[in-house]
1. I'm checking my understanding of the structure. Among residues of segment 259-282 that are assigned to a loop (DSSP other than H, G, I, E, B) and among the aliphatic types (A, V, I, L, M), which one is nearest to LEU175 (Cα to Cα)?
2. Identify the single condition in (1) of a type in the set (A, V, I, L, M, F, W, C); (2) touching a helix residue (DSSP H, G or I) at 6+ places or on another chain (Cβ under 9 Å); (3) in contact (Cβ under 8 Å) with a residue 24 or more places away in the chain that VAL184 does not satisfy, given that it satisfies every other one.
3. Given ALA212, ALA241, which one is without any contact (Cβ under 8 Å) to a residue 24 or more places away in the chain and not in a helix (DSSP H, G or I)?
4. Here are some conditions: (1) without any contact (Cβ under 8 Å) to a residue 40 or more places away in the chain; (2) assigned to a loop (DSSP other than H, G, I, E, B); (3) under 15 Å from LYS15 (Cα atoms). LEU256 meets all but one. Which one does it not meet?
5. Regarding segment 75-97, can at least one residue be identified that is farther than 26 Å from GLY281 by Cβ, in contact (Cβ under 8 Å) with a residue 12 or more places away in the chain and of a type in the set (Asp, Glu)?
6. Let me confirm something: among PRO25, PRO31, which residue is over 30 Å from GLU194 (Cα atoms) and surrounded by fewer than 16 Cβ atoms within 10 Å (Cβ to Cβ)?
7. Tell me, which helices (runs of 4 or more DSSP H) lie completely within segment 37-100 with 2 or more residues that are in contact with an Asp or Glu (Cβ under 6 Å, 6 or more places away or on another chain) and loosely packed, with under 13 Cβ neighbours inside 10 Å?
8. Of the conditions (1) more than 19 Å from the chain's Cα centre (by Cα); (2) buried (at least 21 other Cβ atoms within 10 Å of the Cβ), ASN232 satisfies every one except a single condition; which number is it?
Amino acid sequence: MSALQNKIDFTVLVKVVNANPNGDPLNGNRPRTTYTGQGEISDVCIKRKIRNRMQDMGEAVFVQSADRSDDGYTSLSERASGTIKEYASSDDYAKRACEKWIDVRTFGQVFAFKASDKKESVSVGVRGPVSIHQAVSCSPVDINSMQITKSVNGEPSESRSSDTMGTKHFVEFGLYRVKGSINVQLAEKTGFSEEDAELLKEALRTLFVNDASAARPDGSMEVVTVYWWRHNNKIGQYSAAKVHDSLKITLKENVLIPASVEDYRIELEGLPDLAPEIIPGI
């Protein structure tokens, strides 16, 4: 595998239509919003989807969803102790974990579990090179709510067959911006390679493949474009903030409430000697 030699920054534009991109469990599972009404998707949610895509592409993933476990383990501690049974030191443990699981060498991981012999504990921290911001919509979003009912009794003793059982919330339309970066110095420590970076790029391009659910029907969430800036050195020609801010997204004139991506003006402010690879989403 080829060692990563260039700092990378990326931005992903995501379109949401009549879907709940990331419900807030502390607010009735309503789509997350800021105090100014802009939609949010947590970085944890985005990393979960990236891990799922990496797993779909045949990679070994440490933090697996319970319903997607492909190795028979039912918890992180079981997976850690059942996979890494012998190690010489904490650094050796971290090295073995990074070699085994792509999400560990991508995002990092804290290992604080009992070792396989159950007599000593493992406490190892790995800092990953890939950082993801929470996604924020480019404009405030409108959230609609819908009451849902059950058509049959859940238990034989129930006398009523059609009671209100909850509420579904969804964003009518939103264009969200996901920002991220890859740090070369940390990539050298975890073994994150050029091939891993290409895999991450493909995972971002196909972020919502196999992600459909009742809250996110198939086609309701779509990656519009991935912008991939590869610097010509390890530390970067410009700060990540300047790179991300070079992508300007504003509402077109006379548009008050956006209803499609076409209602936005999307422009790249050129940075000398740094042009992004522009990849259409799927």
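The values are calculated or read from the model by the stated rules, or taken from the named source; none is laboratory data. The model shown is predicted, which means the values in this text are computed figures rather than measured ones. Backbone-built Cβ (ideal geometry, glycine too); neighbour counts: all protein chains shown.
1. ALA259
2. For VAL184, the exception is condition (2).
3. Of ALA212, ALA241, the one residue that is without any contact (Cβ under 8 Å) to a residue 24 or more places away in the chain and not in a helix (DSSP H, G or I) is ALA212.
4. The failed condition is (3).
5. No; the residues of segment 75-97 include none that is farther than 26 Å from GLY281 by Cβ, in contact (Cβ under 8 Å) with a residue 12 or more places away in the chain and of a type in the set (Asp, Glu).
6. PRO25
7. Counting at least 2 such residues, we get no helices (runs of 4 or more DSSP H) at all.
8. (2)
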